[in-house]
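The values are calculated or read from the model by the stated rules, or taken from the named source; none is laboratory data. In this text the structure is predicted, and so the values were computed from the model without any measurement. Cβ placement follows ideal geometry from the backbone for every residue including glycine, while neighbour counts extend to all protein chains displayed. Surface areas here come from the heavy atoms of the whole protein model, side chains and all, with no ligands, DNA or RNA. Shrake-Rupley method; radii C 1.70, N 1.55, O 1.52, S 1.80 Å.
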Amino acid sequence: MGGALNAVAGGGSFVTFPALLFVRVPPIQANATNNVALWTGAAASGGAYRKRLDVPRRVLISFLIASLVGGTLGAYLLLKTPAQTFLRVLPWLTLGATLLFVFGKKLAGGRVSGVGQEASSMALSAAALFQLAIGVYGGYFGGGMGIVMLAMLAALGMTDIHAMNALKSVMAFVINGVAAVAFIVARAVFWKQGAVMIIGGIAGGYLGAHYAQKVPAIWIRSFVILVGSGMTVYFFVKAY
């Protein structure tokens, strides 16, 4: 389910991260395991969208470098955060991610600067800097990351949702991938639970990307918002 949600709009972590907590995986390790599992889902959905990836090379390279650096920094921050501190920060992260998911489209605001060949260097630099910040957030937690990237791409003038999802999937693959390597090296991944979620992430990511148009978008958004809101309340009660 998490892989499918991420392939369509984002918000998969609202399902997969709580699932790991409920089977008694510690918070930081749950976040790391969740990252590795959804990384495989991003790879699968990216493969399904590969024919839609039609953006200029300079745009793609700029975004990928920003994603790589941001994901690395985010993973480092997570590994250096004490578990108790993370538990107190977590409800604010889920609250922010849920609000971003709800109001993400408004970030576009009708702006029309394009990401095509005519995009200025200043616009591209600003977009890459924003993507760097998304990468840091993605490496650290990542809930709602997909919808923020879609909102950013819409604000930059992209209108083809399939092309946007293709680019989003590639950037998510890089962010989660570099973070996954860091988590694996640090031995922060619970492989027993992670292996099961990897299988689900691959299946959900690929099938979700293929069949996204068959399910009304409002159903998916409503489900993600409901789960995100519920988890936010739960984490606030547990932390405070």
Legend entry - Residue that is of a type in the set (A, V, I, L, M, F, W, C), at pLDDT below 85 and open to solvent by less than 60 Å² (accessible area, probe 1.4 Å), where the choices are M164, M171: M164
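Among the residues of the stretch 128-159 satisfying the criterion of being assigned to a loop (DSSP other than H, G, I, E, B), within 22 Å of L87 (Cα to Cα) and among the small types (G, A, S), which is modelled with the lowest pLDDT?
Step one: of the stretch 128-159, the residues assigned to a loop (DSSP other than H, G, I, E, B) are 141-144, 156-159.
Now drop any that are not within 22 Å of L87 (Cα to Cα), which leaves 141-144.
Remaining after also requiring among the small types (G, A, S): 142-144.
Values: G142: 77, G143: 74, G144: 69.
Within the stretch 128-159, the match that is modelled with the lowest pLDDT is G144.
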Legend entry - Count - residues of the stretch 87-127 that are modelled with pLDDT of 65 or more, small (G, A, S) and under 23 Å from G74 (Cβ atoms): 5
Legend entry - Residue check, V181 under 15 Å from the mean Cα position of the chain (by Cα), at pLDDT 80 or above, in a helix (DSSP H, G or I) and of a type in the set (V, I, T): no
Legend entry - Whichever residue in the stretch 15-38 is in contact (Cβ under 8 Å) with a residue 40 or more places away in the chain and not in a helix (DSSP H, G or I) and, among such residues, is farthest from G177 (Cα to Cα): V23
Inset, instruction - Would you be able to tell me the number of residues in the stretch 73-103 that are part of a helix (DSSP H, G or I), open to solvent by 70 Å² or more (accessible area, probe 1.4 Å) and over 19 Å from A151 (Cα atoms)? - result: 7
Legend entry - Matching residues, the stretch 9-20, being on the phi < 0 side of the Ramachandran plot and open to solvent by less than 30 Å² (accessible area, probe 1.4 Å): A9, G12, S13, F14, T16, F17, P18, L20
